[in-house]
1. Failed condition for ALA9, given (1) hydrophobic (A, V, I, L, M, F, W, C); (2) modelled with pLDDT of 85 or more; (3) over 30 Å from LEU142 (Cα atoms), with all others met?
2. Would you pick out the residues in the stretch 132-142 that are assigned to a helix (DSSP H, G or I) and over 21 Å from LEU77 (Cβ atoms)?
3. For LEU77, work out the one condition from (1) under 17 Å from the mean Cα position of the chain (by Cα); (2) not in a helix (DSSP H, G or I) it doesn't fulfil.
4. Which of (1) surrounded by 10 or more Cβ atoms within 10 Å (Cβ to Cβ); (2) among the charged types (D, E, K, R); (3) closer than 22 Å to VAL6 by Cβ does ASP44 not meet, given it meets every other one?
5. From the set of residues in the stretch 31-59 that are among the aliphatic types (A, V, I, L, M) and farther than 19 Å from LEU18 by Cβ, which is farthest from the chain's Cα centre (by Cα)?
6. On the basis of being under 30 Å from TYR135 (Cα atoms), in contact (Cβ under 8 Å) with a residue 60 or more places away in the chain, among the aliphatic types (A, V, I, L, M) and out of contact with any Ser or Thr (no Cβ under 8 Å at 6 or more places or on another chain), does ILE67 make the cut?
7. Taking the stretch 88-131 only, how many residues are more than 26 Å from LEU141 (Cα to Cα) and in a helix (DSSP H, G or I)?
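The values are calculated or read from the model by the stated rules, or taken from the named source; none is laboratory data. Please read these numbers as outputs of a predicted model, since none were measured by experiment. In this analysis, Cβ positions are derived from the backbone assuming ideal geometry, glycine residues included, and neighbour counts consider all displayed protein chains.
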Amino acid sequence: MLIKGVGGALELLGAFLLFFIRPEQIYGFIAVVTQKELFKDTNDHIATLSLHAATSIRHGSVLFAIIYLLIHGIIKLVAVTGILRQQLWAYPFSLIALGLLMIYQLYSIYEKPSVEMILLTLFDMFISWLIWQEYRQVRLLL
């Protein structure tokens, strides 16, 4: 749960940064940061992936990314906060929210398969299973 909470906070930070920082500035920053690594090894996987991600942000729909990150981050933080406080409503809320996000992720995988999205979806499935297990236990105690 803590990982999901940190992820939600990072998503809100990402949305905030995308709102105030132009995509060209992000690309320029990533290009400067990865330049040394790519000079040493032109096949550096992390540097290449970072540069590719920055390029897609530069050419992609920034407004969609901001809205997606805001919604995803807020939902995660609300769910994690409720679950950590063992509030009964938070468990079904989390399961429904994760389910809807996984439907979108599966659609995204269908449209444009990526290892990252597949891993994220599998991780969300595992988290959903953990939430369900804890919900069953907390429900019995309350």
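1. Unmet condition: (3).
2. Answer for the stretch 132-142, where residues must be assigned to a helix (DSSP H, G or I) and over 21 Å from LEU77 (Cβ atoms): GLN133, ARG136, GLN137, ARG139, LEU140, LEU141.
3. For LEU77, the exception is condition (2).
4. Evaluating ASP44 over (1) surrounded by 10 or more Cβ atoms within 10 Å (Cβ to Cβ); (2) among the charged types (D, E, K, R); (3) closer than 22 Å to VAL6 by Cβ leaves (3) as the failure.
5. Top of the filtered list is LEU38.
6. Against the criterion (under 30 Å from TYR135 (Cα atoms), in contact (Cβ under 8 Å) with a residue 60 or more places away in the chain, among the aliphatic types (A, V, I, L, M) and out of contact with any Ser or Thr (no Cβ under 8 Å at 6 or more places or on another chain)), ILE67 does not qualify.
7. So the answer is 21.
Residue-by-condition table, conditions (1) modelled with pLDDT under 80; (2) out of contact with any Ser or Thr (no Cβ under 7 Å at 6 or more places or on another chain); (3) small (Gly, Ala, Ser):
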site: LEU2; (1), (2), (3): yes, yes, no
site: ALA15; (1), (2), (3): no, yes, yes
site: TYR27; (1), (2), (3): no, no, no
site: VAL33; (1), (2), (3): no, yes, no
site: THR42; (1), (2), (3): no, yes, no
site: THR48; (1), (2), (3): no, yes, no
site: HIS59; (1), (2), (3): yes, yes, no
